[in-house]
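Report on one structure; see the data block that follows.
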Amino acid sequence: MAVPAHTKTHPVADELAQLLFEGADRERVHGAWRRLVSGKEFAYRPGLPPEERTALSYERLQLLNDAAGDPVELAADPYRLAGLHEWTGPVDGGLTTLASIHYNLFLGSVLDHDGGRDRDLSAFTSLRRTGTFLCTELEHGNDVASMETVAVFDRATGGFHLTTPTPGARKFMPNTSLTGGPKTAVVAARLVVDGEDQGTFLFLTPLSDESGHLPGVRIRPLPQRTGTPVDHCLTSFDRVWLPREALLEAEHGRLGADGTLASTLGNRRKRLLRSINRVTMGKLCMSAGTLGMSRAALTIAVRYAHSRLLAGPKAGDRIPLAAHRSHHGRLLHALATAYAMTFLHRSLVSRFAVHAEEDRAEVEREVAVAKGWITWQARAITTECRERCGAQGLFPANGLSDLPLNIEGGITAEGDNLVIWVKAASEMVFGHQGVRAGESGDPEGRELTELPFLRGLLAEAERIWQDRARTALREGPSGDPVGRWNATSDAALEMVSAHARLQAADAFLAAATRAEDPRAGFLMRSLCRLFLLRQLGEHTGDLLAEGRLTPDHVRALPKAVDTVVGELAPHLMTLVDAFDLPAEVLSGIPIASGGSVGADEGGDEDENGWEEAEVGAGVSVRV
Ligand SMILES: Cc1cc2nc3c(=O)[nH]c(=O)nc-3n(C[C@H](O)[C@H](O)[C@H](O)COP(=O)(O)OP(=O)(O)OC[C@H]3O[C@@H](n4cnc5c(N)ncnc54)[C@H](O)[C@@H]3O)c2cc1C
């Protein structure tokens, strides 16, 4: 069965797409990016060596900038920034990294400090200069608070000398090569006044111009890494002089002409966190990129599941892969998770966009928890999708094989997943109030089809792990903070994991209530039920022991999962059509459009009227 790229969308898929892509705001948030990646300039280019792939990502950054509208407005708009990552993520991971750094970490940081909009930003908004963000050091990644780079206040000129004092303090990973043209950085460095460390601030630092790197700026390219190539480098500074206005100031630190620092924050660590506060938006960006990749991977795998035929039960029968429970069941679990990830992300971008100062700590924590959960799920989903497409899934032309490797970057960048979960866990053991024991109600007479019941059980699971973590912390060895936390952290991390899923379930349930078409509502509720049942599987022992589930519920759970999978199986294509991947993108991916890598070459028409067209390197698509 051939699956054309240009599927006529179904009204139910349209309504699901409206729910997934933010209803009335859909065109503003997603429209430009979706059109951009539909362009032929974004089609897969086979056989490019790594340096040329990196150069291509910079060329595409120019096209993206042309489509972005006002880049200053973009950098200030969390919805559109996240949307950008969702659409570029699946087509060019390198471009997504470059855009994330330029618009969010670089331009966003400049704008978030005093007089950001008053500076002449035209070189950056026109992309005559690409912005980079230099924070991590070779020996200081997650413990960036120990960074060593210094900017020493120079009383004679009123400026600063930027210096890398040790080899371990070289800035690690940023894209500071000459590829892509001249670059400027915001560099995180300790502000030193008269020998005294005032905390870490950002310094606007030109790195290169048309003739090469500037004096005192030393760049060493890093070797190629896995995933889409980017020009990662080691960067160091040898007493590079910077003018007074290079220091990005705000309420956390303003330097007087006499060298006195006025700050609302007495604590140096807090000054660092304020300086690099764009990293919170960065977490939303990383999650968004991997969301887009998950939805694209599922679209490809589900389409292939319908076009790949295999022997049926009777001699001569041919049935699609999608007919098998072992196949569509796994894809449906992944689909339910991808819907939940999307709704969780939407709810957090909205919270982040409007949060008040007193809610900042909680919103930042929720963003970190979601980043960890979404990017880890994305890795699992894209790996599953690759595997469900067999050897075809291993060819980059089929759009799947690069995705898990690109997601690795999102798992580590902008806060390593495990580290940010550990931080959230330590705050939530006592600083977060979930449900009280028994709040989910008496389980007798309740059905595993009732969404509020399932949701209540997941909340109980979070509470059970929180209780365990609290007990462990209270009973841990006194006078040994590391030993105490070691006794607590496993339970606390389970609590965070349950919390992330609960937040996702709540966002999914809320979205389901917005469905108007009864068929869309049915699909949303069924998919949400599948998601919740799946999350509860690992907690049944605890829930039974605590009297929140009955033995009959536990016995009935596998059948309940199988029933909802069976109900959803006929709707797989509708569920991925709602992801709205452009036909132009799908038609360039052989297995998403009824073709395959290595299929017959030439331009013959087959009996179904599909014309095979070779697009290079043994890749043909049906058009
Ligand atoms: C694709 C990509 C792009 C990047 N771009 C930039 C960029 O533009 N600018 C920039 O400044 N940086 C950039 N980085 C660097 C990134 O910020 C760091 O990789 C990240 O902060 C982690 O640091 P690290 O790699 O040194 O790991 P480490 O900090 O060495 O962590 C290694 C391991 O130790 C564990 N660990 C660390 N601390 C703790 C702890 N306290 N408790 C328990 N376990 C711990 C971690 O979980 C991890 O498993 C980029 C990274 C990637 C992957």
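Taking the average, over residues, of other Cβ atoms within 10 Å as the packing measure, peptides 353-362, 418-427 rank 418-427, 353-362 from highest down. In the chain, the longest principal axis of the Cα atoms and the axis of helix 50-67 are about 90 degrees apart.
Could you compute the FRET efficiency for GLU567 and LEU309, with r as their C-beta to C-beta distance and R0 at 25 Å, rounded to 0.05? Once rounded, the FRET efficiency stands at 0.55.
For segment 9-143, the Cβ-based charge dipole about the Cα centre amounts to some 500 debye (Lys, Arg positive; Asp, Glu negative; other atoms uncharged).
Relative contact order, whole percent, for the chain stands at 17, derived from Cα pairs under 8 Å and 6 or more residues apart. Axis angle, to the nearest 10 degrees, between helix 518-536 and the longest C-alpha principal axis of the chain: 70 degrees.
For ALA545, neighbours were defined as the other residues whose beta-carbon sits under 14 Å from its Cβ, and their charges (Lys and Arg +1, Asp and Glu -1) total -2. Phi angles across segment 559-574 convert, under the Karplus curve 6.51 cos²θ - 1.76 cosθ + 1.60 with θ = phi - 60°, into 3J(HN,Hα) values of 5, 4, 5, 4, 5, 6, 4, x, 5, 8, 3, x, 9, 3, 5, 4 Hz, Gly and Pro given as x.
Couplings 3J(HN,Hα) of segment 387-394, computed from phi: 5, 6, 9, x, 5, 4, x, 7 Hz, in residue order, whole Hz [Karplus 6.51 cos²θ - 1.76 cosθ + 1.60, θ = phi - 60°; x for Gly and Pro].
Cross-link candidates for LYS183: which lysines have Cα within less than 27 Å, leaving aside residues fewer than 8 places away along the same chain? Leaving aside lysines fewer than 8 places away in the same chain, those within reach of LYS183 are LYS171, LYS283. Residues whose amide H comes within less than 5 Å of that of ALA185, counting only those at least five positions distant or on another chain, are THR132, THR205, LEU207 (H built at 1.01 Å from N in the peptide plane).
Helix 278-307 and the longest principal axis of the Cα set of the chain meet at an angle near 30°.
For LEU247, the amide hydrogen comes within under 5 Å of the amide hydrogens of LEU204, counting only partners 5 or more places away or on other chains and with H modelled in the peptide plane.
Fully extending the segment from THR513 to ASP480 would add 7.0 nm, taking 0.36 nm per residue of separation and subtracting the current Cα-Cα distance. The phi torsions of segment 121-126, fed into the Karplus equation with coefficients 6.51, -1.76 and 1.60 and a -60° offset, translate into couplings of 9, 4, 4, 8, 6, 8 Hz, rounded to whole numbers, with Gly and Pro shown as x.
Values in this text are rule-based calculations from the coordinates and carry no lab data. Keep in mind that this is a model prediction, so the values were computed, not measured. Backbone-built Cβ (ideal geometry, glycine too); neighbour counts: all protein chains shown.
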